[in-house]
Amino acid sequence: MSKVLLVHAKGGPPLGHVLSRAAVRAEIHLLALSALPPAVASTARQLCASVVTPTDAQRSDLVSLIVSQAKAVGAEAVLTFSEYAVVAVAEACEELGLAGAGGAAALARDKRLMRRTWQEHGLPQPEFSPVATEDELHAAAGRLPFPLLLKAAWSAGSTAHQIIRSPHEVSAAWRRSREVMAESAQLGYSELHVAEADADFVVEQIVTGSAAHWFDEPGWGDYVSVEGVVADGVFRPVCLSGRMPTVEPFTERAGITPALLPQDAQDRIVALARESVDALGLRDCGIHTEIKLGADGGMWLIETAARFGGAMTVPQVEEVFGLDLVGMLVDHLLGRTVAWPEQALTPAQADGAAGSLVVLAVDGKGEAWHDRRLWDFSAVEAEVPLSEGSELSVVAESSLADGSVVPVYDPAAGANTMAALCLLSATDPRTVLRDFRTLVDALPQVLPAAPSTQATHTTPSAQTTQPAPSEEASP
């Protein structure tokens, strides 16, 4: 049986889903750069031929660690589903002579390089400027039109995002973004290979989106993602996923597969995604491209990642379209023939719909809950009325344990303050959207109130088990 080295780190699709699909395609050896989620630790050890947790000293040269471990197990393919390990795995594959994202992987990770590359190719995106110091941020704010969005160049899950509406907000935004990056690193949500990556930022114009010009019904967010793969340097789109509106500044609340768009609109979006991927020069990897939708057909590229979408994007695609993206990518990296879709699949080809909801302490209007609540999925399951045929489940490895205090939502920390991740299966995308809106409205009422002592003393950083935020990009 072929041998595969899977490099595990924070984020990405649930590890349990990845391992259950990969293990039927190859003998899996797991290199755990992050602790295994307790909910799947036992299963991981059953499904994997070996599980190695490196020491801190071994992590100092991550590429060498991956290369040596791949050689030790005789791996014929090396892959990761984590944004934080993408560059290291790509470089290790280059050294090993194995299929991978290629030498251009950093272009799909560092937002500064990504935007420069797209600029060179004349692709539509917000005006931007790389910044490495507070003085550079002040200078950029003098050139770019307000409002602005400050992003960490190597972040994921909308962490360290700060909206800057006027010059006097620049210094505070800079300080807060730096603080959040340091906090995220302590939680394990940071780039694993590039030294001092938390010092790199980009500031960009906030463009005005318009979901109403693209979707026939209200409630959709003004951006979509194109899921796909690059196989032998050729972009192969699989499908589109839609969104609910983000929570300020741009934290993702929910993704829905498929996006309910007309064929001509989907074709235009996929064409732009293809241009973005081709410009980056990737070779063999999953692809997740996010695109902002504007009035009168306008579009702007947000980000492209050299990996599949995080949260439950991959399981959603499998449920709706019957495609096991994890297994298909494993087969491709091992040199097997894979029947990728000839073109992006459409809502007409979908069998129902599926969506994932990030539980944040924010109501449907984007306002913080008035009091502290305990996460309790059994209460949600019992008391929230969903549509006929809809089924709701909780992703245990990406959620706090029942009885944990729901963290206060911190706009700067983004998905780092999530409490849980839920998966909904329904008859169609409209139903998923409607049920999610019902769920968001009901949560602060149906979840148990937190005792005053817990509400006072429990903060997001004090949570003993913090769920992994999704790696979705933000407009």
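The numbers here are math on the coordinates, done by the rules we state, and not lab data. Not measured: the values here are computed from a predicted model. When we count neighbours, we look across all protein chains shown, and the Cβ atoms used for this are built from the backbone with ideal geometry, even at glycine.
May I ask you to order 173-181, 107-115 by the average number of other C-beta atoms within 10 Å around their residues, highest value first?
On the way: 173-181: 19.6, 107-115: 23.2.
Order by mean packing, descending: 107-115, 173-181.
What FRET efficiency comes out for Ala72 versus Glu388 if R0 is 30 angstrom and r is the Cβ-Cβ distance? Round to the nearest 0.05. It would help to have the intermediate numbers written out before the result.
Working: r = 53 Å, r/R0 = 1.77.
After rounding to 0.05, the efficiency reads 0.05.
If the chain between Asp278 and Glu196 were fully stretched, how many nm would it gain, using 0.36 nm times the residue separation less the Cα-Cα distance? The partial results should precede the final answer.
On the way: separation 82, 0.36 × 82 = 29.52 nm, distance 2.85 nm.
Value of the extension gain: 26.7 nm.
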Checklist outcome for this item: Least to most buried among Trp300, Trp214, by other C-beta atoms within 10 Å and fewest first, runs Trp300, Trp214
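Output the peptides 15-25, 63-73, 249-259, 223-233 sorted from most to least packed, where packing is the average of other Cβ atoms within 10 Å over each peptide's residues.
Numbers: 15-25: 20.9, 63-73: 18.4, 249-259: 26.8, 223-233: 23.0.
Final packing ranking: 249-259, 223-233, 15-25, 63-73.
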Next on the checklist: Using the Cα centre of the chain as origin and beta-carbon charges of +1 (Lys, Arg) and -1 (Asp, Glu), tell me which of Ala152, Ala271, Gln119 is placed farthest towards the positive end of the dipole.
Outcome noted: Ala152
Checklist entry - Using a ≥ b ≥ c from the Cα gyration tensor of the chain (square roots of the eigenvalues), is it rounded, prolate or oblate, where a/c under 1.5 gives rounded and otherwise the larger of a/b and b/c decides, a/b for prolate? => result rounded
Next on the checklist: Give me a comma-separated list of calculated 3J(HN,Hα) values for segment 207-218, in order, Karplus coefficients 6.51, -1.76, 1.60 applied at θ = phi - 60°, integers in Hz, x for any Gly or Pro.
Outcome noted: 7, 8, x, 8, 5, 5, 7, 10, 10, 7, 10, x
Next on the checklist: Defining a contact as two alpha carbons under 8 Å apart and six or more residues distant in sequence, what relative contact order in percent does segment 3-98 show?
Outcome noted: 40
Checklist entry - Under 16 Å from the Cα of Lys3, which aspartates and glutamates turn up, not counting those fewer than eight places away in the same chain? => result Glu27, Glu76, Asp331
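Just want to confirm a number: the relative contact order over the chain, from Cα pairs under 8 angstrom separated by 6+ residues, in percent. Walk me through the numbers before you get to the answer.
Values: 1082 pairs, mean separation 80.4, N = 475.
Averaging sequence separation for qualifying contacts and normalising by length gives 17 percent for the chain.
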